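A.B. asks: Quick one: the structure is below, and I'll ask about it shortly.
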Amino acid sequence: MEEKVEKLMRDAVAEFNADRPSDQQLNDDTLTPLIGKSTLLDSLDLVRLIVAVEEQIQDTLDIRLTLADERAMSESSSPFRTLGSLQDYILQRLSEQDDG
Amino acid sequence: MAEPRVILVTGARKGIGNSLARHYAGLGDRVIGCSRKPADEYENYRHLCLDVCDETAVGELFSEIKSTHGRIDALINNAGIAAMNHALLTPLDTARRILDTNVIGTFLFAREAARLMMKNGGGRIVNFTTVATPLRLEGEAIYASSKAAVENLTRILAREFGEMGITVNAIGPSPVRTDLVRNVPEEKLQSLIDRQAVKRFAETADITNVVDFFLRPESAMITGQVVYLGGV
């Protein structure tokens with residue numbers, strides 16, 4: 001599952017980058033920041049990226065996952081810090097779905 | 001010839017939704033309609049059964065639109081229910097059902113449509129309100145309140161979706177002779193019409209005219225607007 005999620009994250013970033021100028025491309029590295037001072041993204045960009053990731057999850061895994069739910073917003077450490085933390089959060093949510 | 005538009009009409013089995021679906025199918029657009037009960041299909045028109053508040057079913061509908069058409073150009077968020085009753089006599093279940101269908105249903109379809117529209121550079125969302133909201137009609141506390149929520153939803157979604165090229169507007173029809181007003185006493189309808197600047201029942205063509213305007217490519221700057229019929 002980890003490999004699948006890594007790939008769908010890369011695909012989501014590629015889809016997100018397709019509409020962006022060459023100097024605004026998001027690196028698909030796990031350390032890429034999504035929020036905070038050092039990110040390239042404004043709030044609407046983050047919305048677009050999350051939508052792209054959710055759609056990749058649905059298209060590749062046939063699972064509808066809402067990432068920006070109340071739980072994500074109430075975590076002491078936001079799952080949207082970096083691409084890597086988002087990936088970990090997705091894996092965690094998917095494993096919980098498997099557990100029932 | 002321009003490519004046909006892909007238009008989704010909720011509550012398309014009867015009344016205004018049915019007229020709008022037939023209007024756009026007749027123009028050659030690809031129209032998908034939905035309602036809780038089945039309806040006849042015709043050229044350029046496909047019908048699906050669902051409850052507009054069922055998130056899973058609505059998600060599946062949009063997945064199907066995505067795989068079949070790859071896009072959606074316009075959402076006509078017409079599905080709605082009403083129950084005219086004094087507030088003191090309105091059952092809580094009725095109040096919840098009206099808010100669910102009219103507010104949650106409208107929000108859910110707008111959210112899913114916008115997700116698809118943003119990928120294609122934009123689209124048009126048309127919501128439905130009512131003259132009962134600005135007229136603060138007695139006997140329609142929950143229905144008019146639900147549509148007040150739809151109006152604010154329209155204005156805020158217009159702002160949130162504006163950068164994505166998606167316009168969000170609402171039409172507020174004055175009384176039209178449909179099932180929605182079937183149980184309203186004639187004198188009540190007449191007193192409502194007497195409060196309008198144009199004192200007659202609206203026809204579906206009056207509604208189509210406004211929706212056509214919102215859907216036109218030239219209306220890209222028209223968003224967050226609520227247009228009432230009849231001059232209230």
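A.B. asks: If a residue has to be part of a loop (DSSP other than H, G, I, E, B), within 22 Å of B:Lys14 (Cα to Cα) and under 20 Å from the mean Cα position of the chain (by Cα) to count, how many in the range B:181-221 make the cut?
C.D. replies: 3
A.B. asks: Of all residues in the range B:118-147, count the ones that are assigned to a helix (DSSP H, G or I), over 18 Å from B:Arg195 (Cβ atoms) and open to solvent by 10 Å² or more (accessible area, probe 1.4 Å).
C.D. replies: Here the count works out to 5.
A.B. asks: Only residues that are within 14 Å of chain A (Cβ to nearest Cβ) and of a type in the set (D, E, K, R): list them for the range B:41-68, please.
C.D. replies: B:Asp54, B:Glu55, B:Glu60, B:Glu64, B:Lys66
A.B. asks: I need the full set of residues from the range A:72-100 which are within 20 Å of A:Gly36 (Cα to Cα), open to solvent by 20 Å² or more (accessible area, probe 1.4 Å) and modelled with pLDDT under 90, in order please.
C.D. replies: A:Met73, A:Ser74, A:Glu75, A:Ser76, A:Ser77, A:Ser78
A.B. asks: If you take the residues in the range B:69-95 that are among the β-branched types (Val, Ile, Thr) and farther than 21 Å from B:His23 by Cβ, which one is nearest to the other protein chains (Cβ to nearest Cβ)?
C.D. replies: Here the residue is B:Ile81.
A.B. asks: Let me ask something else about it. Looking only at residues that are more than 11 Å from chain B (Cβ to nearest Cβ) and without any contact (Cβ under 8 Å) to a residue 24 or more places away in the chain in the range A:36-67, which one is most open to solvent (accessible area, probe 1.4 Å)?
C.D. replies: That would be A:Lys37.
The values are calculated or read from the model by the stated rules, or taken from the named source; none is laboratory data. Please read these numbers as outputs of a predicted model, since none were measured by experiment. Positions of Cβ are backbone-derived with ideal geometry, glycine not excepted, and every protein chain shown enters the neighbour counts. Ligands, DNA and RNA are excluded from the accessible area calculation, which covers all protein heavy atoms including side chains. Shrake-Rupley method; radii C 1.70, N 1.55, O 1.52, S 1.80 Å.
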